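Let me begin by presenting the structure, written as structure tokens, before commenting on it.
The values are calculated or read from the model by the stated rules, or taken from the named source; none is laboratory data. These numbers were taken from a predicted model, which means no experiment stands behind them. For neighbour counting, all protein chains shown are included, and Cβ atoms are generated from backbone atoms with ideal geometry for every residue, glycine included. These area figures cover heavy atoms from the full protein model, side chains too; ligands, DNA and RNA do not enter into them. Shrake-Rupley method; radii C 1.70, N 1.55, O 1.52, S 1.80 Å.
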Amino acid sequence: MSAALPTSSREWHLVARPHGWPKAEDFALREAAVAAPAEGRILVRNKFFSVDPYMRGRMNDVKSYTPPFKLDHPMDGGAVGEVIASNAEGFAVGDHVLHGLGWREIADVPAKHAVKVDPDLAPLSAYLGVLGMTGLTAYAGLFDVASFKEGDAVFVSGAAGAVGSQVGQLAKLKGASRVIGSAGSDEKVKLLTEEYGFDAAFNYKNGPVRDQLKEAAPDGIDVYFDNVGGDHLEAAIGALNVHGRATICGMIAQYNATEPTPGPRNMALIIGKRLRLQGMLVGDHADLQPKFVEEVAGWLASGELKYRETTVEGIENGYDAFVGLLRGENTGKMIVSLV
Ligand SMILES: NC(=O)c1ccc[n+]([C@@H]2O[C@H](COP(=O)([O-])OP(=O)(O)OC[C@H]3O[C@@H](n4cnc5c(N)ncnc54)[C@H](OP(=O)(O)O)[C@@H]3O)[C@@H](O)[C@H]2O)c1
């Protein structure tokens, strides 16, 4: 056990359930007392925490695959930090760990929910992104869920984000015939083709997705990786070739909607083209973790896989980072840094 522990920690609470777009008044940064860790627990000084689109769903009081955040309690999510006190076998002060108690400075973590990470192998923040949850989502969603095979033409939406930028590059690395991405700014589109090796990309704000996709993929697509839903999904159903597959990973276009959003109007095409559209949850794919880390770490080391992070400094900017993510202010993984 370490001698001088901090006595308090700041943490973000959800104080009201957002209706539509979250507002600053729905959140509060509050002080909490810090105590020495009980048996089987470790105290972690968080260095980085993750803000993710799925957290918007957890702000609603609805039954889902993850329970809603409780009002007036700290929010949680992925974080990496340094152990400052340990009351658990196998963890020592100075170890770095990945765990699920983000949105706070000091986390009192059950040791069984912490995984040691090596800061010399990769920057700590990478364990939240390219080598972490969003990376595994890309890997499992493309190779397992969409049954990607060499020669497939792949379209990914949200392509300059954490999951999307990795999907497109993984597809290229594994021999896709063509990779097309959509994103929400001309700078992001440029990054996709000039730095990440996409064959074509377009800004979905510049015109109908259907028309821009047709131009970018004149021979159609075999795989669609959906991060957005709505008009993107409709356009992809139209562009998918016979026996095409779609991974339904996210529908960020509707996360702040206050009314039901229109579905794709061309679902009947699924019949004749014998399409397969499959939802995914990254948590179902833990079995792929070792293979994912081995392959992705190799491509990172060789420089074949590139990634960006958008880092917002300071716990007091946690809410801004989260809303910025929903607005598209990030390129690659959105991270809050506490160092
Ligand atoms: N199923 C799973 O297990 C799982 C796991 C992780 C993530 N996801 C999903 O995967 C998707 C990407 O997640 P991420 O963590 O990588 O986030 P991200 O793509 O890094 O960030 C979100 C991006 O969404 C885009 N966006 C926001 N509103 C949009 C709209 N109305 N239409 C089109 N694009 C919009 C923004 O980029 P632009 O500037 O391009 O608009 C923004 O940067 C999300 O839908 C998320 O919910 C699912």
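Starting from the 7 Å offset along Cα-to-Cβ, what nm value, one decimal, do you get for the label separation of D118 and D219?
About 4.2 nm separates the two model spin labels.
Quick one: net charge around V83, please, counting Lys, Arg +1 and Asp, Glu -1 for every other residue with C-beta under 13 Å from its C-beta.
Details: positive: R41, R45, K47, K116; negative: E82, E89, D95, D108.
Computed value for this residue: 0.
Set the Förster radius R0 to 56 Å, insert the Cβ-Cβ distance between K273 and H73 as r into 1/(1 + (r/R0)^6), and round the FRET efficiency to 0.05. Present the calculation step by step, with values, prior to reporting the outcome.
Values: r = 47 Å, r/R0 = 0.83.
Given R0 = 56 Å and the Cβ-Cβ separation, E is 0.75.
Apply 1/(1 + (r/R0)^6) to the Cβ-Cβ distance of K291 and V93, taking R0 = 30 Å, and write down the FRET efficiency to the nearest 0.05.
Details: r = 32 Å, r/R0 = 1.08.
Working from the Cβ atoms, E equals 0.40.
Angle check, please: helix 289-302 long axis (alpha carbons) against the longest principal axis of the chain (alpha carbons), in degrees 0 to 90, nearest 10.
Between the helix axis and the principal axis of the chain, the angle is about 80 degrees.
Heavy-atom accessible area per residue, segment 181-294, 1.4 Å probe: how many Å²?
On the way: 5960 Å² over 114 residues.
Value for segment 181-294: 52 Å² per residue.
May I ask you to give the percent of accessible area on the chain that is carbon plus sulfur, with a probe radius of 1.4 Å?
Numbers: 7980 of 15210 Å².
For the chain, the apolar C and S fraction of the accessible surface comes to 52 percent.
Of the residues N46, N241, N227, which exhibits the maximal mean-square fluctuation in a Gaussian network model of the chain defined by a 10 Å Cα contact cut-off?
Comparing N46, N241, N227 in the GNM, the peak value goes to N241.
If you add up the charges near P264, with Lys and Arg at +1 and Asp and Glu at -1, over every other residue whose beta carbon is less than 12 angstrom from its beta carbon, what do you get?
Details: positive: R210, R265; negative: D226, D231, E234.
Computed value for this residue: -1.
For helix 162-173, report the angle its Cα long axis makes with the longest principal axis of the Cα atoms of the chain; keep it between 0 and 90° and round to the nearest 10°.
50 degrees
Nearest 10 degrees is fine. How inclined is helix 230-239 to the longest principal axis of the chain, computing both from alpha carbons?
Taking Cα atoms only, the helix is inclined about 40 degrees.
K23 to T66: FRET efficiency via 1/(1 + (r/R0)^6), r the Cβ-Cβ distance, R0 25 Å, to the nearest 0.05? Before the final figure, lay out the partial values.
Details: r = 22 Å, r/R0 = 0.89.
Once rounded, the FRET efficiency stands at 0.65.
Percent of Cα-Cα pairs more than 32 Å apart in the chain, please.
Working: 17889 of 57291 pairs.
Of all Cα-Cα distances in the chain, 31 percent exceed 32 Å.
Cα gyration tensor of segment 133-283, axes a ≥ b ≥ c as square roots of the eigenvalues: rounded (a/c below 1.5), prolate (a/b > b/c) or oblate?
Values: a/c = 1.18, a/b = 1.09, b/c = 1.09.
Because its axes are fairly even, with a/c under 1.5, segment 133-283 counts as rounded.
Given a cut-off of under 8 Å on Cα pairs at least six residues apart, what relative contact order in percent is computed for the chain?
Numbers: 744 pairs, mean separation 56.6, N = 339.
Relative contact order of the chain: 17 percent.
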